[in-house]
Amino acid sequence: MVIPKDGKIVCKCGYTADSDGKAQTFTTDAKSKQTIVQSDTDALLPKVRVICPECGYTEATVTVRQTRAADEPETMIYRCCNPNCNHTWRQY
């Protein structure tokens, strides 16, 4: 997963690139698949009341993705709305 942070996009594999705050597509060397990165100021993501396991903040944005086989449930990807935290976690 790639996350916007401090004007850059950062991947868990160590890849970083500059971000202009808009959604963008890029290809990494690790896999020849494209990844779409959304801005951290994207106001279109729905917000839910859930407790962040990192800081305890009670609001997060949520995205639903199909990360496994089609016959298995979707993955809920949460991102803390606390500007000092921005922790991302998943619920399978």
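What net charge do the residues around residue 73 carry, taking every other residue with its C-beta under 15 Å from that of residue 73, with Lys and Arg at +1 and Asp and Glu at -1?
After counting each charged neighbour, the total is 0.
Quick one: 3J(HN,Hα) in Hz for segment 51-63, Karplus 6.51/-1.76/1.60 with θ = phi - 60°, rounded, Gly and Pro as x.
8, 5, x, 8, 10, x, 4, 9, 9, 8, 7, 9, 10
Sequence-distant or interchain residues sharing an amide H contact under 5 Å with residue 60, placed H: which?
Answer set, sorted by chain and number: 48, 50, 81.
For the residue pair residue 55 and residue 76, what label-to-label distance in nm results when each label sits 7 Å from Cα along the Cα-to-beta-carbon direction?
Those two pseudo-labels are separated by 2.1 nm.
For the modelled label position 7 Å from the Cα of residue 47 along Cα-to-Cβ, which residues of segment 64-92 have backbone nitrogen atoms closer than 20 Å?
Within reach of a label on residue 47: 64, 77-90.
Can you list the HN-Hα couplings for segment 74-89, worked out from phi with the Karplus curve (6.51, -1.76, 1.60; θ = phi - 60°), rounded to whole Hz and with x for Gly and Pro?
Using θ = phi - 60°, the values come out as 5, 9, 8, 10, 9, 9, 4, 7, 5, x, 8, 10, 6, 5, 10, 9 Hz.
Every number here is computed from the coordinates shown, using simple stated rules; none is lab data. Note that the structure is a prediction, hence the values are computed from the model and not measured. For neighbour counting, all protein chains shown are included, and Cβ atoms are generated from backbone atoms with ideal geometry for every residue, glycine included.
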